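J.: The structure that follows is given in the form of structure tokens.
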Amino acid sequence: MLRLYHYWSSVCSQKVRMCLAEKGLDWESRHVDIFAFENYEPAYTKLNPKAVVPTLDHDGNILIESNVILEYLEDLFPDQVRLRPHEPFARSTMRLWLYNSEELAHWNVNVCSHNLRHARRMDQRYSHEEQMAAAMKCPNPMIALRLKRRLAVGVSVEEEDEAYAKLDYLLDQMEQRLGEQRLGEQGLGEQGLGQGPWIAGSMFTLADIAMAPMVNRIEVLARPEMIAPARRPRVADWWQRIQERPGYRTAFSFKNPDSNDPVKR
Ligand SMILES: N[C@@H](CCC(=O)N[C@@H](CS)C(=O)NCC(=O)O)C(=O)O
């Protein structure tokens, strides 16, 4: 049995939901309202000491970290729609982009989401004091300090601009990756790291799944022109193809259980 602890619009949860959908796996949902601070409750942090979503429970094996969960699902169900190439260089490219999705994309998307999404939600529900009290309960010092700092000074325009510049830098690399032609790639077939159309070459992989929620978030944030065809034609084309996939549609249509949430997408 696969049980996923997740939040409807969390990018890291979307990654795992998309992987489950692409593989056609059944799973049980445990929605964790991170804007009601349910992820800081001891019952949850016992499972996930980092106090973040997602967490996967597979027959009592508890997994955290979305990229680790993606690879675990691939290890468990390798034949149920393969999402990882065999060829070592294509596989390493897939892993590089899993890493990029966390190191560069997730952190900066989080900064850019704060004013438009996160603060609006929390301010609608809780006073400043209540939010500070919740931050005090968070056992993960990185998350707690980030929340306390944001409650004290917010996210400035400069900080946002810096985060968008880092996302631009990553999207430039993605544009280049999707157009790269490796010498001698002919004949590598499905495993080869040829020119697209996917991030690790001709095969749709976990790397595409890991980047999909990040690009989706950039689109719903204030700067969708970052992925417009005129600016980055290959990324725009990739994004179009991602959105056409039934796995994307299933994963991203998970309903927000809170109808009063000011954030709709
Ligand atoms: N590296 C972790 C990051 C998880 C993470 O930061 N999740 C966010 C939602 S996308 C979260 O739970 N935030 C809760 C909080 O900041 O209180 C992963 O990939 O699973």
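J.: Cα axis of helix 11-23 to longest principal axis of the chain: angle in degrees, 0 to 90, nearest 10?
T.: Roughly 40 degrees, rounded to the nearest 10.
J.: Work out the length of the dipole vector of segment 88-251 about its Cα centre, built from +1 on the beta-carbon of each Lys and Arg and -1 on the beta-carbon of each Asp and Glu, and round it to the nearest 20 debye.
T.: On the way: 22 positive and 21 negative charges, 101 e Å.
Dipole of segment 88-251, to the nearest 20 debye: 480 debye.
J.: Over segment 1-142, what portion of Cα pair distances is larger than 23 Å, expressed as a whole percent?
T.: Values: 4018 of 10011 pairs.
Here the long-distance tail beyond 23 Å is 40 percent of all Cα pairs in segment 1-142.
J.: Oh, and also: When the helices in the chain are scored as -39500 (n - 2.57) per DSSP H run of 4 or longer and the sum is shared across all residues, what 222 nm value do you end up with, to the nearest 500 deg cm²/dmol? Mind showing how you got there, number by number?
T.: Numbers: 12 runs with 134 residues, N = 265.
Mean residue ellipticity, 222 nm, calculated: -15500 deg cm²/dmol.
J.: Can you compute the FRET efficiency between MET132 and GLN173 using 1/(1 + (r/R0)^6), with r the Cβ-Cβ distance and R0 = 41 Å? Round to the nearest 0.05. Each step should come with its number before you reach the end.
T.: Working: r = 38 Å, r/R0 = 0.93.
Computed FRET efficiency for MET132 and GLN173: 0.60.
J.: What's the carbon and sulfur percent of the chain's accessible surface, probe 1.4 angstrom, rounded to a whole number?
T.: Values: 6680 of 12130 Å².
Ligands and nucleic acids excluded, carbon and sulfur give 55 percent.
J.: Send over the semi-axes of segment 88-251's equivalent ellipsoid, whole angstrom and largest first, taken as the square roots of 5 times the C-alpha gyration tensor eigenvalues. Can you show the working numbers first?
T.: Details: eigenvalues 249, 52, 40 Å².
Over the Cα atoms of segment 88-251, the semi-axes work out to 35, 16, 14 Å.
J.: I've got another one for you. Relative to the first principal axis of the alpha-carbon coordinates of the chain, what is the inclination of helix 157-179, with its axis defined by its Cα atoms, in degrees from 0 to 90 and to the nearest 10?
T.: 20
J.: Take every Cα-Cα pair in segment 66-183 and report what % of them are more than 22 Å apart. Please list the in-between numbers first.
T.: Numbers: 3635 of 6903 pairs.
The proportion of pairs with Cα distances above 22 Å equals 53 percent.
J.: Please enumerate, by chain and number, the lysines with C-alpha under 22 Å from the C-alpha of LYS50, excluding those fewer than 8 residues away in the same chain.
T.: LYS15, LYS137, LYS148
J.: Something else now. Which residue, ARG146, ARG84, ARG117, has the most motion in a Gaussian network model of the chain that connects Cα atoms within less than 10 Å?
T.: With Cα springs under 10 Å in the chain, the top fluctuation among ARG146, ARG84, ARG117 is at ARG146.
J.: Here is a follow-up. Angle check, please: helix 141-153 long axis (alpha carbons) against the longest principal axis of the chain (alpha carbons), in degrees 0 to 90, nearest 10.
T.: 60
J.: Could you please report the charge total around LYS264, scoring K, R as +1 and D, E as -1 over all other residues with beta-carbon less than 13 angstrom from its beta-carbon? Intermediate values should be presented prior to the final figure.
T.: On the way: positive: ARG117, ARG120, ARG121, LYS255, ARG265; negative: ASP258, ASP261.
Result for the neighbourhood of LYS264: +3.
The values are calculated or read from the model by the stated rules, or taken from the named source; none is laboratory data. No experiment lies behind these values; they were computed from the predicted model shown. With ideal geometry, Cβ positions are generated from the backbone for all residues, glycine too; neighbour counts draw on all protein chains shown. For accessibility, only protein heavy atoms count, side chains too; no ligands or nucleic acids. Shrake-Rupley method; radii C 1.70, N 1.55, O 1.52, S 1.80 Å.
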